[in-house]
Amino acid sequence: MAFPAKYPSLNAMEMTDEARQTLIRVLRVAFPHADFPDGPYERTADTLITAADEETWFRVALIQGLLSLDQLSDGDFCGLDDESALKVLRRVESTEFFGFVRRTAVLNLYDDAEVWETLGYEGPSFDKGGYINRGFDDLDWLPEPSIVYPEDEPLPELGEGAKAGAPAGGTARDHSTNQPSPQAADMGEVKK
C-alpha cells in the first residue's frame, strides 16, 4: 500500500521513458556482463520502477537519484562511456538511491531465466527432485582428476583412529560419541 507523501507534489512524480532508459544504463554499468542481452536489464529496471511506484520513499529516492546522475554527467548519463559512467556511479554509491537499485537488482537480475541460460545455470532443482539424479557432477568441461603417487615414495601413514573400524583412543563401546566415558572423566571436588 502506498501512503501519500507529506508534499502532494511528490505523489505526482512519475518515471518517464527517459528515466527508464537511464535506469537501464545504470544497471548495465553497475552489473556489467557483455554477454547479457537487454531483456534482463529491462525487466530489472521495470521491477525497480514497480517497487518505486508502491512506496513513495523509493519513488522519490529513485527519481532524485536519476536526476542527480544526469547533473553529475552534464545532463546526459546515458551518453557517457562505461568508464566515465562508472565514475559517476561511484560518487553516488553510498546514497539511498544506489542502495535501493543495488538491493533490488542483485535479487532480480540474477534470478532471470534468460540470465541463467547465458551463464549456463540450469535453474533450481527442488521442483525436479534435486541434483542427485540430474547430473550434479556432469562437469564435462573439467578434466578428470587423477591422483598419482610417486613410485619411489611410500604412501603416507594413516594417523591413529583413521583405520577402518578402529575407534580413536578407547574401547569399541565408546566410539559413537565425542564425550568422555564416566571412567575417563576426572570428577574432582567442586569448591566455591
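Which whole-number value in Å² is the accessible area per residue of the stretch 79-134, probe 1.4 Å?
Accessible area per residue, the stretch 79-134: 67 Å².
Counting only protein heavy atoms and using a 1.4 Å probe, what share of the accessible area of the stretch 18-119 belongs to carbon plus sulfur, as a whole percent? Kindly include the intermediate steps, with their values, before the conclusion.
Details: 2690 of 5400 Å².
The C+S portion of the solvent-accessible surface of the stretch 18-119 is 50 percent.
For the stretch 22-33, in order, what is each residue's ³J(HN,Hα) by Karplus, 6.51 cos²θ - 1.76 cosθ + 1.60 with θ = phi - 60°, in whole Hz (x at glycine and Pro)?
Rounded to whole hertz, the list is 5, 5, 4, 5, 4, 5, 5, 6, 6, 10, x, 9.
Just how much of residue 82 is accessible, in Å², when a 1.4 Å probe is used and the result is rounded to the nearest 10?
That residue has around 100 Å² of solvent-accessible surface.
Compute the separation of the alpha-carbon centres of the stretch 43-86 and the stretch 90-119 and state it in Å as a whole number.
Here the two parts' Cα centres lie 13 Å apart.
State the volume of the convex hull built on the alpha-carbon positions of the stretch 18-119, expressed per residue in Å³ and rounded to an integer.
Value for the stretch 18-119: 88 Å³ per residue.
In debye, nearest 20: dipole of the stretch 18-119 around its Cα centre with unit charges on the Cβ of K, R (+) and D, E (-)?
Once rounded to the nearest 20, the dipole reads 380 debye.
The values are calculated or read from the model by the stated rules, or taken from the named source; none is laboratory data. Please read all numbers here as calculations on a predicted model, not as lab measurements. Note that we place each Cβ from the backbone using ideal geometry, even for glycine, and neighbour counts take in every protein chain shown. Side chains are part of the model used for accessible areas, which takes the heavy atoms of the whole protein and leaves out ligands, DNA and RNA. Shrake-Rupley method; radii C 1.70, N 1.55, O 1.52, S 1.80 Å.
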